[in-house]
Amino acid sequence: MLRTPAVPVTDFDAELRRLVRDLEETMLAAPGAGLAAPQIGVGLRVFTFFVDGAVGHLVNPVLELSEEIECGPEGCLSIPDLVFDTPRALRTVARGFDVHGEPVTIEGSHRLARCLQHETDHLDGILFVDRLDREARRRALKEIRDAEWAGLPGPIVRESPHPTYGRAV
């Protein structure tokens, strides 16, 4: 699921609002700076974020990236205990919608820009380790292979809490 591009949201309904609520609760409990729907097995273009005390979400995001790049620490709830300096655009303008279908624009730099890019990557089937240079990626993949949890079966989801959008794994 993490490598499969998510599909655009077309129904801004109660099911979508439940999904965003689930994403927010899961992200905050983790705790994390962001969580995309594919990370919980739902193949829709929606994510939540929690940066600098602000919780938000974005549906069907489209990003405009600055040309200026910064390299900073990045991790992922889907790859526990792995943090690597990852290059990202310093500033980002994200356009999309809220759960009611209203247009939203989020402008951010540094940590917020990093989060918006990271979560949008999830919607495109891209993991942060894919953004690393060759040597860092090699080390990251070795750490993943050597991790305590590597090779263990993940949770089995018999029924998605979002049957309209989810899929059983």
Residue ID - nearest to the chain's Cα centre (by Cα), chosen from residues in the stretch 55-73 that are of a type in the set (D, E) and exposed (fewer than 13 other Cβ atoms within 10 Å of the Cβ): E64
Filtered residues of the stretch 1-18 (kept if closer than 16 Å to H57 by Cβ, out of contact with any strand residue (DSSP E or B) (no Cβ under 6 Å at 6 or more places or on another chain) and not basic (K, R)): D11, F12, D13, A14, E15, L16
Could you count how many residues in the stretch 74-106 are open to solvent by 70 Å² or more (accessible area, probe 1.4 Å) and assigned to a strand (DSSP E or B)? 8
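Only one residue in D11, D52 is open to solvent by 70 Å² or more (accessible area, probe 1.4 Å) and farther than 27 Å from L132 by Cβ. Which one? Step through it out loud before you land on a result.
Values: D52 fails: farther than 27 Å from L132 by Cβ.
The unique qualifying residue is D11.
The values are calculated or read from the model by the stated rules, or taken from the named source; none is laboratory data. In this text, all values refer to a predicted model and were calculated from it rather than measured experimentally. Virtual Cβ from ideal backbone geometry, glycine too; neighbours counted across all protein chains shown. SASA here: full protein model, heavy atoms, side chains in, ligands and nucleic acids out. Shrake-Rupley method; radii C 1.70, N 1.55, O 1.52, S 1.80 Å.
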